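The values are calculated or read from the model by the stated rules, or taken from the named source; none is laboratory data. Because the structure is a prediction, the values reported are computed rather than measured. Glycine gets a Cβ as well: all are built from the backbone with ideal geometry, and neighbour counts include every protein chain shown. The accessibility values were calculated without ligands, DNA or RNA, using every heavy atom of the protein model including side chains. Shrake-Rupley method; radii C 1.70, N 1.55, O 1.52, S 1.80 Å.
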Amino acid sequence: MSDNPVSNGPATPNAAVLNAGGKEVPLQVRSGSVGPDVIDIRKLYADTGMFTYDPGFTSTASCDSALTYIDGDEGVLLHRGYPIGELAEHSSFMEVSYLLLNGELPAKDELDTFTRTICRHTMLHEQLMQFYRGFRRDAHPMAIMCGVVGALSAFYHDSTDISDPNHRRISSHRLIAKMPTIAAAAFKYSVGQPFVYPDNTLSYTGNFLRMTFGVPAEKYEVIPAVERALDRIFILHADHEQNASTSTVRLAGSSGANPFACIAAGIACLWGPAHGGANEAALNMLREIGTPDKIAHYIERAKDKNDPFRLMGFGHRVYKNYDPRATVMQSTVREVFDALKVTDPVFETALQLEDMALNDDYFREKKLFPNVDFYSGVILSAIGFPTTMFTALFALARTVGWVAQWNEMISDPGQKIGRPRQLYTGPTERAYVPLDKR
Ligand code: SDX
């Protein structure tokens, strides 16, 4: 696992000069290997007594990272330098997991060893399976994932010393390995079927499909085309720079919290409809629109400032061009439909909605394009997942990104607890007023 400390990028010769309150403050400008330079403001408060102000962190780099690079204007996504389109076409989720964790594509023996190691951790402690019985059958799978993943730290005391690289390695492997088992069990519990234990003769993704859709009464055959499509969907969701849930994991980890607790925090953040919950919301929206003749009405609603409705699966904080993951997702829809010999009119609605939105001035001016969540629900629904499972699948895949980012942060010698400041707008100091005087 790549524990190389992430050093600050080299200082560039050009510096920035800030004129703050009549005082000129020189600020270093640092460059990464590619992408925007950064203005190093770490000494700004000490030098000026002022904070920067950036709610939502639209112009803030929170860390150094060597994992994932996104160029939002060009629609570029690289994992350790490899374009997402090439990884989706040629790689596997296990190989991309190894790449994110270790920094390089594995040789065959390295990949085999890594895959075997992950397989060895797919089972859950039998007592942890009892946790599910405490939930209502109609509990949202993400509520279950938050609870069960957070509870992992109550079972694995032997791998929570974050200062020990071996503990970090074992807990990372445990998290990646157990997420499919936890997610599949959440689905089984919701439909009243018995849990299906892992079968490690199957691939990572094939194992997940069998644990989800297999039943003890029948032999389950993994459909290769579905296994390949789902494995590719996992690749597309593996990591994505410093998005909201990854930043949550990093912030939780910066306090020294154990990795299981940090990933549970990431799951909670991912659940929001503005983030990972958008895949569930996007398919629900497409089904609500129903037929293509209703699209224009919903596009007008999305443009209406007085209407909270937004096109779910559209827009992105970073991509102001087509999300490269959505491109792969759209072509995967046809693959799955052909393999399962199914169609879904909602796909036609999605295609026409995309076409109409991309030809509308409002969406063009605001650079709103389909994102990773726009088509994923169509595929997952065709495979047989209920919409409530979509974000759980996103969390399953994103766990490797969260774990890789957590490892990168923990092993950075410059790492410190994250503690932003604020612009205070409340009352200035005032004397307490006794009750009988109010
Ligand atoms: C993910 O960060 C990541 O990398 C996330 C992710 C990952 O892999 O981790 O890529 C996964 O979360 C993808 C995004 C999924 N969310 C959705 O699809 C929900 C719908 N999208 C929006 O909520 C929105 O686009 C966000 C949250 C994704 C981005 O919001 P921003 O960057 O804060 O942009 P914004 O809200 O400031 O929008 C800019 C303008 C606004 O109009 P004005 O105030 O300038 O007039 O665009 C409008 C918004 O009203 N707008 C939309 C819109 N998204 C933005 N209008 C209609 N429909 C939309 N979907």
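Taken over the range 151-203, the criterion of being closer than 24 Å to Ser411 by Cα, crowded, with 16+ Cβ neighbours inside 10 Å and of a type in the set (D, E, K, R) is satisfied by Arg168, Arg169, Arg174, Lys178.
The criterion of at least 2 residues that are of a type in the set (D, E, K, R) is met, among helices (runs of 4 or more DSSP H) falling completely within the range 333-391, by 345-358, 361-365.
Among the residues that make up the range 61-71, is at least one of them within 18 Å of Asp323 (Cα to Cα), out of contact with any helix residue (DSSP H, G or I) (no Cβ under 6 Å at 6 or more places or on another chain) and in a loop (DSSP other than H, G, I, E, B)? No, the conditions are met nowhere in the range 61-71.
Screening the range 211-227 for residues that are surrounded by fewer than 19 Cβ atoms within 10 Å (Cβ to Cβ) and among the charged types (D, E, K, R) and picking the one that is nearest to the chain's Cα centre (by Cα) gives Glu221.
Would you point out which residue out of Val34, Val25, Val96 is assigned to a helix (DSSP H, G or I), open to solvent by less than 90 Å² (accessible area, probe 1.4 Å) and either in contact with a His (Cβ under 8 Å, 6 or more places away or on another chain) or not charged (D, E, K, R) (or both)? Within the list Val34, Val25, Val96, the selection yields Val96.
May I ask you to verify whether Leu78 is over 30 Å from Ala154 (Cα atoms), in a strand (DSSP E or B) and either among the hydrophobic types (A, V, I, L, M, F, W, C) or modelled with pLDDT of 95 or more (or both)? Against the criterion (over 30 Å from Ala154 (Cα atoms), in a strand (DSSP E or B) and either among the hydrophobic types (A, V, I, L, M, F, W, C) or modelled with pLDDT of 95 or more (or both)), Leu78 qualifies. Among the residues of the range 230-259, the ones that are aromatic (Phe, Trp, Tyr) and either farther than 17 Å from Met145 by Cβ or surrounded by fewer than 23 Cβ atoms within 10 Å (Cβ to Cβ) (or both) come to 0 in all.
Taking (1) surrounded by fewer than 23 Cβ atoms within 10 Å (Cβ to Cβ); (2) at pLDDT 95 or above in turn, Gly277 satisfies each apart from (2). Please indicate, with yes or no, whether at least one residue in the range 309-328 is more than 27 Å from Ala397 (Cα to Cα) and in contact with a helix residue (DSSP H, G or I) (Cβ under 8 Å, 6 or more places away or on another chain). Within the range 309-328 (the criterion being more than 27 Å from Ala397 (Cα to Cα) and in contact with a helix residue (DSSP H, G or I) (Cβ under 8 Å, 6 or more places away or on another chain)), the answer is yes, since at least one residue qualifies. Of all residue pairs spaced 6 or more apart or on separate chains, those with beta-carbon atoms under 9 Å, a first member in the range 347-362 that is on the phi < 0 side of the Ramachandran plot and open to solvent by 50 Å² or more (accessible area, probe 1.4 Å) and a second member that is of a type in the set (Val, Ile, Thr) and in a helix (DSSP H, G or I) are Gln352/Ile295; Met356/Ile295; Met356/Ile299.
Within the range 297-342, can you find the residues that are of a type in the set (Phe, Trp, Tyr), more than 22 Å from Asp73 (Cα to Cα) and under 27 Å from the mean Cα position of the chain (by Cα)? The answer is Phe309, Phe337. Among the residues of the range 313-339, those that are within 10 Å of the ligand (Cβ to nearest atom), open to solvent by less than 40 Å² (accessible area, probe 1.4 Å) and at negative phi comprise Phe314, Tyr319, Asp323, Arg325, Ala326. Among residues of the range 395-410 being of a type in the set (A, V, I, L, M, F, W, C) and open to solvent by 10 Å² or more (accessible area, probe 1.4 Å), the one that is nearest to the ligand (Cβ to nearest atom) is Met409. Evaluating Met389 against the criteria (1) open to solvent by 30 Å² or more (accessible area, probe 1.4 Å); (2) away from the ligand (no atom under 13 Å from the Cβ); (3) of a type outside the set (Val, Ile, Thr) leaves one unmet condition, (1).
When Ala296, Ala261, Ala282 are screened for being in contact (Cβ under 8 Å) with a residue 60 or more places away in the chain and in contact with a strand residue (DSSP E or B) (Cβ under 9 Å, 6 or more places away or on another chain), only Ala282 passes. Only one entry of Gly85, Gly56 meets the criterion of being over 27 Å from His173 (Cβ atoms), within 14 Å of the ligand (Cβ to nearest atom) and of a type outside the set (Val, Ile, Thr), and that entry is Gly56. All conditions but one from (1) more than 12 Å from the ligand (Cβ to nearest atom); (2) over 25 Å from Ser172 (Cβ atoms) apply to Glu227; the one that does not is (2). Evaluate the following for Tyr375: is it within 12 Å of the ligand (Cβ to nearest atom) and either touching a strand residue (DSSP E or B) at 6+ places or on another chain (Cβ under 8 Å) or at pLDDT below 95 (or both)? Yes; evaluated as a whole, the condition is true for this residue. Checked across the range 290-302, the condition of being crowded, with 17+ Cβ neighbours inside 10 Å, modelled with pLDDT of 95 or more, farther than 21 Å from Leu393 by Cα and near the ligand (Cβ under 8 Å from one of its atoms) holds for at least one residue.
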